[in-house]
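As structure tokens, the structure follows; a few thoughts come after it.
Just so you know, all these numbers are worked out from the coordinates, no wet-lab data involved. Computed from a predicted model, the values in this text were never measured in an experiment. So basically every Cβ, Gly included, is an ideal-geometry build from the backbone, and we count neighbours across all protein chains shown.
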Amino acid sequence: MIPLSVLDLAPVCEGSSPRQAFGNMLDLAQHAERWGYRRYWLAEHHNMPGIASAATSVLIGHVAGGTSTIRVGAGGIMLPNHSPLQVAEQFGTLASLYPGRIDLGLGRAPGTDHATARALRRYFDSADQFPQDVTELLHYFAPAQPGQSVQAVPGAGVDVPVWLLGSSLFSARLSAAMGLPFAFASHFAPDSMDEALALYRRDFKPSEHLSQPYAILALNVVASESEAESRRLFTTQQQSFVNLRRGRPGQIPPPVEDIEAFWEPHEKSGVERALACTVLGDPAQVGEGLQAFAQRHRPDEMLLTANIFDHTARLRSFELAMQAWQASHA
């Protein structure tokens, strides 16, 4: 059975606060661990009122400290925002505190708007150096050599699996060339998914990190007792996408009864294309949808995300999704 994992953005819902989002985040991680999810990833975003996962490594420590077996990591750290040494130190620290449980996914996008990217990077102004930065970061995780002038302490010699994340062919090529595991952001940018996956598997070169290709695909999953309710819950994510594209990102909105009254036709078309990798419905529909996705694309793992306004409904969605997945393999 293909493993299922969770991607969380620590959503801040309207009328809520980051503090409450962090409580919900840990609660979901603890439930996900009990339900059998393999890993729990948090994604770096900045200057977005509805996403509280800006200090990603801090939150990974919080989740890892409140769980015991589930892998916890970054999906991902936007490497151009940081120096490779600092990332190595942070994740070397996390992996020393929680050995065998920490993942480091790396992206080359800023995870924010241009003005905020400039504020984050200060003296760095492009992501063109991403391959060199990944190489430098991997070097810091290798055992320190005699005479090595700069070491990650902790970090050197610490086991931190490094993943490359992407929504285009660039990271597929790079992860294949470097022999690293690969995760594709098909939950919001599915257009190049099949081509990226095929390229990664075709060109993969075994390395000291990985002997054969390993690819994760992300998708949106909204499960409830009925298709109608799942479609209503999904309007939260649809509204969030429209608001972002209108240049008005805000806190996560509650669902609406009639999404057609909310968006314009061109907005609907854009959102439906971006969120094409979505499975929703009652448990039977979700089980069938997950099976169809897995059979068509053959990922090694599936990373589920769900931007649901009500925390209880969000918990229930992840629970039903896992139950449906397990039932489809019984």
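At a glance:
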read-out: 20 °C / 1.002 mPa s Stokes-Einstein diffusion coefficient of region 194-285, Kirkwood radius on C-alpha pairs, µm²/s; value: 137 µm²/s
read-out: DSSP-defined antiparallel bridges as percent of all bridges, region 1-120, nearest 5; value: 10 percent
read-out: Over region 2-152: Rg over Rh, Cα atoms, Kirkwood Rh; value: 0.99
read-out: Fully extended contour minus Cα-Cα distance, from S226 to E267, at 0.36 nm per residue; value: 12.1 nm
read-out: Charged-residue dipole, Cβ positions (Lys, Arg, Asp, Glu), the chain about Cα centre, Debye nearest 20; value: 500 debye
read-out: Highest to lowest packing among 143-155, 97-109, scored as the average C-beta count within 10 Å; value: 97-109, 143-155
read-out: Ellipsoid semi-axes in whole angstrom, largest first, where each is sqrt(5λ) of the Cα gyration tensor of the chain; value: 31, 22, 20
read-out: Label-point gap, in nm, between E195 and E208 - each point 7 angstrom along Cα→Cβ; value: 3.5 nm
read-out: Crossing angle, helix 283-297 versus the chain [Cα axis fit, 0-90 degrees, rounded to tens]; value: 40 degrees
read-out: Estimated FRET transfer efficiency (L85, L244; beta-carbon r; R0 30 Å; 0.05); value: 0.40
read-out: Ranked packing of 259-272, 13-26, most packed first, by mean Cβ within 10 Å; value: 13-26, 259-272
read-out: Using θ = phi - 60° and Karplus 6.51 cos²θ - 1.76 cosθ + 1.60, couplings along region 157-162 (whole Hz; Gly, Pro as x); value: x, 8, 7, 10, x, 10
read-out: For T312, T236, T93, order by how many other beta-carbon atoms lie within 10 Å, fewest first; value: T312, T93, T236
read-out: Nitroxide proxy distance, nm - points 7 Å out along Cα→Cβ at T135 and R34; value: 4.8 nm
read-out: Backbone N within region 300-317 under 19 Å of label point (7 Å from A292 Cα along the Cβ vector); value: 302-305
read-out: Span from the region 258-326 Cα centroid across to the region 129-152 one, whole angstrom; value: 39 Å
read-out: For S53, residues with placed amide H under 5 Å, excluding near neighbours; value: H45
